[in-house]
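Taken together, the values in this text are just the output of simple stated rules run on the coordinates, not laboratory data. These numbers were taken from a predicted model, which means no experiment stands behind them. Don't worry about glycine lacking a Cβ; one is built from the backbone with ideal geometry, like all the others, and counts go over all protein chains shown.
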Amino acid sequence: MDELLKDLDNEIWSRQIPEELSREGGPRLFPIIEDAQHHVRGFAGPIVVEPDGRCWFLGVAVSSSCRRSGAATLLFNRMVQCFKEAGASYLTLFTGEQNPARRIYERAGMKIVTSYACMRKYPKMR
């Protein structure tokens, strides 16, 4: 997984995924794709279902060597199947307007419910 996270170069996932994998009680289910040498080339998840039936996940990602192969769609669809098996009633997610995975979500029938702006002020700015 370390090799994949380095390839993805995503600051948030580089923090969140190792935290999830080392969480007390063990990691939650995380569908992955491995190559023939057992290197992780993609992930989706984790599978998290809240008591009210809402499910959510940290992300869907594949290595640069696997992009445009359908691997991310396969992972997303497997993750949705896992959510159903875990008793989820509905899925929510937050994604950016330019996120390439947005096409996967839309093809799966997800609809935009609301949009918002992400605002940030850097410490050195006034």
Seminar exercise, completed: GNM on the chain, Cα springs under 10 Å; top mean-square fluctuation among 100, 27, 18 goes to 100
For this session: Quick one: what are the phi-derived ³J(HN,Hα) couplings along segment 76-88, Karplus 6.51/-1.76/1.60 with θ = phi - 60°, whole Hz, x for glycine and proline?
Result: 4, 5, 5, 4, 4, 4, 4, 4, 4, 4, 7, x, 5
For this session: For residue 41, list long-range residues whose amide hydrogen, built 1.01 Å from N in the peptide plane, is under 5 Å from its own amide hydrogen.
Result: 33, 34, 35
Problem set entry | Highest-MSF residue in the chain out of 113, 49, 40 [GNM, Cα springs under 10 Å] | 113
For this session: For residue 114 and residue 10, calculate 0.36 nm times their separation in residues minus their Cα-Cα distance, and state this gained length in nm to one decimal.
Result: 35.0 nm
Seminar exercise, completed: Taking the reciprocal of mean 1/r across every pair of different Cα atoms in segment 2-107, the Kirkwood radius in Å is 14.3
Exercise. Residue by residue, what Karplus-based ³J(HN,Hα) values in Hz, rounded to whole numbers, does segment 19-35 have, using 6.51, -1.76 and 1.60 with θ = phi - 60° and x for Gly and Pro?
Worked result: 4, 5, 5, 10, 5, 4, x, x, x, 6, 4, 9, x, 9, 10, 10, 8
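Counting other Cβ atoms within 10 Å of each Cβ, which GluC sites (Glu not before Pro) in segment 1-77 have at most 11 and sit in a DSSP loop?
Taking segment 1-77 and a limit of 11 other Cβ atoms within 10 Å, the loop GluC sites (Glu not before Pro) found are 24.
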Problem set entry | Inter-probe distance in nm under a simple model that places probes 7 Å from Cα toward Cβ, at residue 64 and residue 52 | 4.1
Problem set entry | Loop-located chymotrypsin sites (Phe, Trp or Tyr not before Pro) in segment 38-126 whose Cβ has at most 12 other Cβ within 10 Å (DSSP) | 94, 116
Exercise. Given H placed on each backbone N at 1.01 Å, which residues far from residue 48 in sequence or on other chains put an amide H within less than 5 Å of it?
Worked result: 56
Seminar exercise, completed: As straight-line cross-link partners of residue 111, the qualifying lysines (C-alpha separation under 28 Å, not fewer than 8 residues apart within one chain) are 84
Problem set entry | Overall Cα dimensions of segment 46-111 - principal axes, largest extent first, Å | 37, 22, 18
Seminar exercise, completed: Within the set 37, 81, 98, GNM on the chain using Cα springs under 10 Å gives the largest fluctuation to 37
For this session: Show that you can apply the helix-only estimate: for the chain, add -39,500 (n - 2.57) for every DSSP H stretch of four or more residues, divide by all residues, and state [θ] at 222 nm to the nearest 500.
Result: -9000 deg cm²/dmol
